[in-house]
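J.: Let me give you the structure first, and then I'll get to my questions.
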């Protein structure tokens, strides 16, 4: 029997494209295979009663194979690998991985790698043979893989790939083959690529006399889009498959609007044809993910109302649905739009499990987890918050304070409840065997069962949903413990496990255990991960997250098994995907998501991230838009001011949005407003209804409307950043005259007086997430500190450099971070350091370069730390007093700052350098005063240390540069006579003496003018140049861009 490959055009890319009359014969047993359970369920319902069985590839293998082994869940597989690593770590059998500190992230990578190897049909014995000449790392990996396979046999377990291997063994053995219940025909569709195990299984099924049909989407003109498909076809043709070009029943073509059919047929071609989009394609962009979701839900509500489309025929698709999920469900629920997919969350993220973790971690001395315990409704600690100030931070202090509080008659009952809770927490064992831990946990955790809380929730109809969610979480925790009992196999049941190891196991297991927050609603809209859309079609599709860096997501070279090792294995017939192929695979999922729309297609992306940094649309989106006339695509870009401001009545999908619409309408109702009378009438009606329901909030609402009217008026108000109070102005003048300015404070003042006011007068702080690992700013600080300590010539051995690096690390609190991030950060620091040293060595080889570093870390206006002075982190010539600069109006500016490096030759000519890892400011930015660091450092050096202004050659940022290049010092201000002496590259820009002096004078005048401006109370919301991509004060600066400028003109 032959295997057939059917190649279908894009127009037939529908689910069930292989379905035809030949499949429906009653005398045939047909298995119809699709990639996902959802697709199998859809086809089963659509073609019910035809005698065909619909399933996934894994279900096929499970149905055919004869075995009585337990199939491992992903959680159980992770635990099995963890067992091996713990045991081998204690026995020191994996020195390479012990040296690099094995952690949870690495365990996940090893589990993924084992699955890759098995799906590639390479077993441990062959891998050991292939890697017998490899280094320690790969030999240890092969041994781990072998031990994992041995444990499966020892405990009679089976993973997903093992089913395929066992089935193929049974197919190749005539005695066992006769007991297999094989079908007459197997039909597969919607597979973009197959794993080697799956390809091998299909070939063996054909040799057993089973007819196999593989139906693929294909286009000869878009080879890069179907690259993996082409490679798979080539491999199967070599193994006996035959290719068919008769595209079966043409009626299977997907009905589409003309613009979307054009998009499907021409996108990602080398020279796409253009046509009008005819309002079928929309591009939505908003400032941040939450604003993007809100905009999508608004447009979705509008589409449902205008076109009367059933919810079930609309889909929201994302390549990272987990990232959007909570926001989507929340906003869809507010809008009253049903969702056909259950809302699930990881058990580890639920407050019940967070409380459980907090109890363990607090007992282990991690006091930062007290915040969880104090907020938890499952424990009595929050009852004590009003009575204990300050709150205790460890268990012993809690106990002592509670005993004292309990001696008071009114606090005895509350204190006793908390004391009992503390006693319960102290019963956590330090160490126990696996079986003992499970038995102990099943009894101990009962304390967290919130029966009284459930009873209170049940009395309130509005809290029934919350009650269902709470009970689902508890049920999930019980199931997790029951599941753990099934893993008690072999010697591991009696192996000692520490408390730290046990809580790590629990946390990892809960991260893979899903609980339901809301059930699926029949007839609701569809939510899909992009890689699961294949073949589905919807009248309207929304593609979320079409932003650069997310879709496609970058795949870096895998450190555990890099691309070059994967390529070596491929030469031996072992097919493992490389990073470029994983990147390419996202293009196909984007394409299939996009062509799922038949009438309307919406792309959306956040044009700004959570920090306010600008983001670009996905290159995939750009290619989609390239097939249409630019003006025919509807583009809706929402700015930050629009997000916080008004919205139309039609897109006001929730009570909150409708209130915002009403307030905005009435707040901006003034002469010259372009508001329609119908909008004002709707706004009044909304507020009247609200007044009826919540009369107590009416005064608050009216006050808000008055404030908003003031905000949007053209008169000068506090919202514009104008200080009108004379006493405040007097204090401002005193503050300015006595202030010692830092370089960066003047920088902020020059760029935006409003931001300066928010930073240094209001002292507005922005809460930012704690970075995971060493961030780029800390890396730059460490590299700068090391360059200063060792000197730019890098005198000393590699061992000395490494010692200095480890010593410098002590100034940062890295002990709380995972060793993986620290090791990554150290690697980055070493690389950057050596790039700087290499650049310096190239410079020193220039025969005419005779400037030597005279000062390193030269500071003024800062106290001198003796220890830092001893270690060479501060220049001995540094001044503790600030430098006084005289500006053009006679104003004295007291300045403090630090200069990384001053080079000087025997003639007294000198250069100022500041080290910079990232992209340095442009020369134009330095020249115009947008970046003042170099100029203010120059004035500080001249006024404070007596350096001759005539002798300066230039001031510049010293960057890491590229290998062999000479442009590391181009970004700065250079005199013409200094360019040659400094040995700059020919491309470096330099200035004549007169032009140099003119730049310095103009910058001095600008600084003087800006200080005078804030002295007059003029801190307008009007940036000097333009708003940066990221401004930490954007949340308090809420005036629309056009109003900023108009307010500035009025004032």
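J.: Would you say residue 437 is touching a strand residue (DSSP E or B) at 6+ places or on another chain (Cβ under 7 Å) and either in a helix (DSSP H, G or I) or farther than 26 Å from residue 362 by Cβ (or both)?
T.: Answer is yes for this residue.
J.: Please note which helices (runs of 4 or more DSSP H) are completely contained in segment 76-153 and include at least 3 residues that are at pLDDT 90 or above.
T.: 104-119, 124-130
J.: Same structure again: Return only the number of the condition from (1) buried (at least 17 other Cβ atoms within 10 Å of the Cβ); (2) touching a strand residue (DSSP E or B) at 6+ places or on another chain (Cβ under 9 Å); (3) within 30 Å of residue 595 (Cα to Cα) that residue 529 does not satisfy.
T.: It fails just one condition, (1).
J.: Select from segment 154-165 the residues that are part of a helix (DSSP H, G or I) and within 25 Å of residue 57 (Cα to Cα) and list them in ascending order.
T.: 160, 161, 162, 163, 164, 165
J.: Run down 989, 979 and say which single residue is at pLDDT 80 or above, within 28 Å of residue 906 (Cα to Cα) and touching a helix residue (DSSP H, G or I) at 6+ places or on another chain (Cβ under 6 Å).
T.: 989
J.: If you check every pair at least six apart or on different chains, which have Cβ atoms under 7 Å apart with a residue in segment 189-208 that is on the phi > 0 side of the Ramachandran plot first and a residue that is assigned to a helix (DSSP H, G or I) and at pLDDT 90 or above second?
T.: The qualifying pairs are 190/39.
J.: Which of the following residues is surrounded by 17 or more Cβ atoms within 10 Å (Cβ to Cβ) and within 23 Å of the chain's Cα centre (by Cα): 549, 535, 545?
T.: Just a single option satisfies the conditions, and that option is 545.
J.: Just give me the residues in segment 918-938 being more than 14 Å from residue 975 (Cβ to Cβ) and surrounded by fewer than 20 Cβ atoms within 10 Å (Cβ to Cβ), in sequence order.
T.: 918, 919, 921, 922, 924, 925, 928, 930
J.: Now for a different question. How about segment 28-38: which of its residues are within 26 Å of residue 171 (Cβ to Cβ) and either in contact (Cβ under 8 Å) with a residue 24 or more places away in the chain or in contact with a strand residue (DSSP E or B) (Cβ under 7 Å, 6 or more places away or on another chain) (or both)?
T.: The answer is 28, 29, 30, 31, 32, 33, 34, 35, 36.
J.: Among the residues of segment 481-493, is any in a loop (DSSP other than H, G, I, E, B), touching a helix residue (DSSP H, G or I) at 6+ places or on another chain (Cβ under 8 Å), touching a residue at least 40 places away in the same chain (Cβ under 8 Å) and buried (at least 20 other Cβ atoms within 10 Å of the Cβ)?
T.: yes
The values are calculated or read from the model by the stated rules, or taken from the named source; none is laboratory data. Keep in mind the model is a prediction, meaning the values are calculated, not measured. Don't worry about glycine lacking a Cβ; one is built from the backbone with ideal geometry, like all the others, and counts go over all protein chains shown.
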